Every structure is written in C-alpha cells, then in structure tokens.
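**Q** Before I ask anything, let me first share the structure, which is written out below as structure tokens.
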Amino acid sequence: MKIISLIQQLILLLTSLFISTVSVHAQSTPKSTGYAPVNGLKMYYEVYGEGKPIVLLHGSYMTIGLNWSQLMPELSKSHKVIAVEMQGHGHTADIDRAPSYKALADDVAGVLKHLKIDSADVLGYSLGGTVAYQFAIDHPTMVNKLIIISSVYKYKGWQPEVLDILKTMSPEFLDATPLKTEYERTSPKPGNWRAFLTKFIEFDKKDFDLGEDKIRNIRKPVLIINGDNDGVDKEHIFKSYKLVGGSVFADMTGVPPSRLAIVPATSHVTLMMETQKLWAIIQPFIDNVAPLSLQ
C-alpha cells in the first residue's frame with residue numbers, strides 16, 4: 001500500500017506539472033524542427049534561439065513540451081537550444097532496439113552531427129541526466145559544459161524508496177497520467193503506448209553503473225542540481241560532485257569549475273517547476289560568471 005500511495009502522489013505531481021507547462025509550450029514557437037536519421041531512428045528535435053548551443057535531454061516517458069516548456073524561453077533568449085526526443089519518446093518512434101545509455105548517448109551525438117554542431121553544453125534531467133553523463137564519457141570533445149538535474153551515474157544512486165517504486169512499477173500505473181496524453185498526442189504510433197512503457201520500465205529496473213573512474217575523467221565543468229528532497233541519495237550527490245572536482249576547501253585552492261546547487265523545498269518532480277531558481281543557477285554557469293549570490 002505504501003508503494004501504491006507513493007505512485008499516486010507522483011501521478012498527482014505529474015498532472016500539476018503538465019497543466020503548468022502546456023500553456024507555456026503553446027506560446028513557444030521553435031525556429032525549426034526536424035527528424036535526424038541516426039542509428040535506425042528518425043529522431044525528433046526542435047531548435048530555439050541563437051547563440052552558444054545547448055542540448056536538452058528529457059526524463060523518462062516525457063516529451064520536449066512536458067519537460068522543458070518553462071525553461072526553454074529563458075534559455076533561448078541568449079542560446080541556441082536543441083531539444084530532442086529520445087528513442088520511443090514523443091515524436092520519435094521506437095525501433096527494435098533494447099534501450100541502453102550508450103545507445104541513447106550515441107543518438108544525441110548523431111543529432112548534433114546532423115545539425116553540423118561540433119560541440120554544445122548538455123543539460124539532462126533524470127533519465128536525460130544519466131544519458132548526459134554517458135554522452136560526456138563517450139563523446140568528450142562534443143561537450144562544453146554538463147548540467148545534471150536530479151539524476152545519477154549509477155542505479156544505486158537513487159534513494160531506496162525510488163528503487164522500490166522502480167521494481168514494482170507496471171504499465172497500468174501510468175495509464176491515467178498526462179504522460180499517456182502527451183504520448184498519444186505526439187507519437188507517430190500512439191497505439192504503442194503499452195509496448196513502449198513495458199520496454200522502458202524494464203530498462204528502468206536494470207542495475208547499472210557508468211563507473212566512478214569514468215565520471216572522474218570528465219574534464220569539462222559539471223553543474224549538479226538537486227532538490228533537497230528529491231529521489232537522489234545525498235551521499236551520491238556529494239560523491240558525484242567530488243568526482244567532478246568539487247567539494248574542496250576553496251579558500252585555499254580557489255573555486256573549482258564544477259558547481260553544486262541544492263534547491264530547497266523541492267522534490268524530483270517539483271524541482272522542474274522552479275524555473276526562475278533553475279535559471280538563476282544555470283545561467284551564470286553556462287555564461288561563465290559567478291553566481292548572483294557571489295557577485
């Protein structure tokens with residue numbers, strides 16, 4: 001009963017997120033859209049704004065609009081935003097391929113090559129954050145800066161409650177959610193909802209570890225953002241920050257290029273509703289200035 005209650009609460013939060021983002025997304029008009037032929041996929045992307053490129057990687061079962069509607073208008077004022085929909089998500093039809101972080105990261109690299117973009121900042125949320133880590137590991141020259149929101153580099157980086165939900169998750173839990181509404185609205189194959197869910201739920205249940213040595217070898221600045229009560233284990237957060245060069249005595253060594261931010265009174269889902277707080281953290285990092293509180 002406890003697990004079912006947690007899932008019901010999550011569904012309510014997802015509903016709130018959907019309602020709060022749809023109107024914003026409706027007002028945002030991409031500069032261009034398209035499908036990149038990569039690794040057997042026709043991978044959908046939207047491009048907004050001009051300037052330094054930044055790639056947005058969404059969370060599990062989400063779409064560009066559902067995940068990024070509130071943040072894209074801020075990012076696109078000064079940057080070229082490339083938002084993608086990964087295998088089976090949104091406008092990108094699924095293919096006969098088991099999901100893997102390596103494959104998803106290679107797909108992102110394929111989109112950038114298709115758009116003739118040599119390198120970009122990469123911002124990933126949840127599933128997208130793990131894909132962003134993998135992208136930086138496998139395609140280091142294509143990354144300028146990395147932004148990880150509420151995500152992990154290994155399966156056991158999630159809190160035990162999250163792992164319990166992942167283990168007991170089944171497709172019917174998500175049938176009455178905005179995730180299904182968006183899938184049916186955007187997918188080239190809306191009737192494949194259950195097959196898509198089954199495939200990616202099984203993927204979410206698999207143990208993985210990208211490797212501490214590989215995270216440590218990411219040589220580009222990394223910004224890690226978490227809610228103070230989201231689903232990532234706090235020891236994992238601080239371990240991650242230390243691996244990317246943070247958690248030093250900066251009065252003696254200087255402030256490192258990588259940064260860590262904890263947003264108060266937020267969960268895994270509600271963190272993405274805090275647009276102005278996120279922008280106040282992300283904008284100084286990608287534009288090479290000190291955070292507002294330090295200026």
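A short reminder: the numbers here are calculations on the coordinates, not readings from a lab. This one's a predicted model, so the numbers in the text were calculated from it and none came from an experiment. Using ideal geometry, Cβ is built from the backbone for each residue, glycine included, and neighbour counts are taken over all protein chains shown.
**Q** Calculated FRET efficiency, Thr168 and Ala195, Cβ-Cβ r, R0 22 Å, to nearest 0.05?
**A** Here the calculated transfer efficiency is 0.65.
**Q** Here is a further query. Evaluate E = 1/(1 + (r/R0)^6) for Asp118 and Lys214, where r is the Cβ-Cβ distance and R0 equals 22 Å; express this FRET efficiency to the nearest 0.05.
**A** Taking R0 as 22 Å, the efficiency between Asp118 and Lys214 is 0.50.
**Q** How big is the charge dipole of the chain about its Cα centre, in debye rounded to the nearest 20, if each Lys and Arg gets +1 on its Cβ and each Asp and Glu gets -1 on its Cβ?
**A** The calculation lands at about 420 debye.
**Q** Something else: Straight-line reach from Lys239: which lysines have a Cα under 23 Å away, not including same-chain ones fewer than 8 places off?
**A** The reachable lysines, counting only those whose Cα sits under 23 Å from Lys239, are Lys102, Lys145, Lys154, Lys156, Lys205, Lys206, Lys214, Lys220.
**Q** Mean separation of Cα pairs under 8 Å and 6+ residues apart, divided by the residue count of the chain: what relative contact order is that in percent?
**A** Over the chain, the number comes to 17 percent.
**Q** Moving on to the next point. Taking the beta-carbon count within 10 Å as an exposure proxy, list Ile54, Ile225 from fewest neighbours to most.
**A** Ile54, Ile225
**Q** Would you list the membrane-span-like helices of the chain, meaning whole DSSP H runs whose alpha-carbon atoms span at least 15 Å along their axis and whose mean Kyte-Doolittle value is at least 0.5?
**A** Those that pass (Cα extent of 15 Å or more, hydropathy at least 0.5) are 2-27, 127-138, 275-286.
**Q** List the longest stretch of the chain that has no exposed loop site; here a site is one of the trypsin sites (Lys or Arg not before Pro) assigned by DSSP to anything other than H, G, I, E or B, with at most 15 other Cβ within 10 Å.
**A** 117-204
**Q** May I ask you to derive the FRET efficiency for Glu184 and Ile95 from their Cβ-Cβ distance with R0 = 25 Å, giving the value to the nearest 0.05?
**A** Calculated transfer efficiency: 0.85.
**Q** Specify which residue in the list Ala132, Pro171, Ser150 is farthest towards the positive end of the charge dipole of segment 96-189, using unit charges on the beta carbon of Lys, Arg (+1) and Asp, Glu (-1), about the Cα centre.
**A** So the residue we want is Ala132.
**Q** Straight-line reach from Lys180: which lysines have a Cα under 19 Å away, not including same-chain ones fewer than 8 places off?
**A** Lys189, Lys199
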